[in-house]
Amino acid sequence: MKKIYDFKVKDADGKEIYLEEYKGNVLLIVNTATHCGYTPQYKELQSLYEKYKEKGFEILDFPSNQFGEQTPEENSQILNFCNINFGIKFKIFSKIDVNGDNSSELFKFLRLKAPKANESKDSLNLYERLKEKRNFITTDDEIKWNFTKFLINKKGDVIKRFSPTDTPLSLEKDIIKLLEE
């Protein structure tokens, strides 16, 4: 049975990284954007990372330009933006597609293992606004927007998918629970 550790990805410098390097850690995998209304979530992501990194928590950031072209920069510019504006210390990977024919294998796997985020009122409102204002419609297990988050336990199992409207700090209890297992 495939685990998260079976994948390799490229970091923002183009270096191949085997996710096996993160074995035994609780992971939060996020597709991000630099010019999105949810971009301020970087602040909370960094706060969580600083608070729990010594306990075995890692955040893996995968920028994507698929949603309203809100990440037009090259990888080096994304790194610079995140460092200057949010002091990001967690790993930022190469910009990827999370949906469609060119979707990364990692995100195909994440979508398969956690096909839906919670259907909170906020997330449903977001999806409705995206349909109306942007004519943006996703199907089945596709990522709905920037800052969709996937929580992975220490064994490499995908535990839960969170919507863009779920703030990083709202995930803290789930993270603590997995760190204590």
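Measuring r between the beta carbons of Ile159 and Lys89 and using R0 = 30 Å, the FRET efficiency lands at 0.80.
Backbone phi angles across the range 11-27, fed through the Karplus curve with coefficients 6.51, -1.76 and 1.60 (θ = phi - 60°), yield HN-Hα couplings of 7, 5, 8, x, 7, 6, 10, 8, 5, 4, 4, 9, 4, x, 9, 7, 10 Hz in residue order; Gly and Pro are listed as x. A straight chain from Glu172 to Lys10 at 0.36 nm per residue would run longer than the Cα-Cα distance by 55.6 nm. Take every DSSP beta bridge whose two residues both sit in the chain; close to 55 percent of them are antiparallel.
Of all the accessible heavy-atom surface of the chain, with the other protein chains kept in place and a 1.4 Å probe, what percent is carbon and sulfur? Answer for the chain: carbon and sulfur cover 46 percent of the accessible area. Among (i) 22, 19, 17; (ii) 28, 20, 14; (iii) 26, 21, 20, find the value of semi-axes √(5λ) of the Cα gyration tensor in Å that was calculated from the structure presented, and write down its label. Comparing each candidate, only (i) matches the computed number.
Taking a straight line from the alpha carbon of Lys43, these aspartates and glutamates sit under 19 Å away, with near neighbours fewer than eight places off in the same chain left out: Glu54, Glu58, Asp61, Asp166, Glu172, Asp174. Excluding Ile78 itself, calculate the net charge of residues whose Cβ lies under 12 Å from the Cβ of Ile78, where each Lys or Arg counts +1 and each Asp or Glu counts -1. Result for the neighbourhood of Ile78: -4.
Taking a ≥ b ≥ c as the square roots of the Cα gyration tensor eigenvalues, with a/c under 1.5 meaning rounded and otherwise prolate when a/b beats b/c, else oblate, which class fits the range 55-112? The shape class here is oblate. Averaged over its residues, the chain has an accessible area of 51 Å² per residue, based on protein heavy atoms and a 1.4 Å probe.
The values are calculated or read from the model by the stated rules, or taken from the named source; none is laboratory data. Every value quoted in this text rests on a predicted model; they were computed, and no experiment measured them. Neighbour counts run over all protein chains shown; Cβ positions are idealised from the backbone, glycine included. Just so you know, the surface numbers come from the protein's heavy atoms only, side chains and all, with ligands and any DNA or RNA stripped out. Shrake-Rupley method; radii C 1.70, N 1.55, O 1.52, S 1.80 Å.
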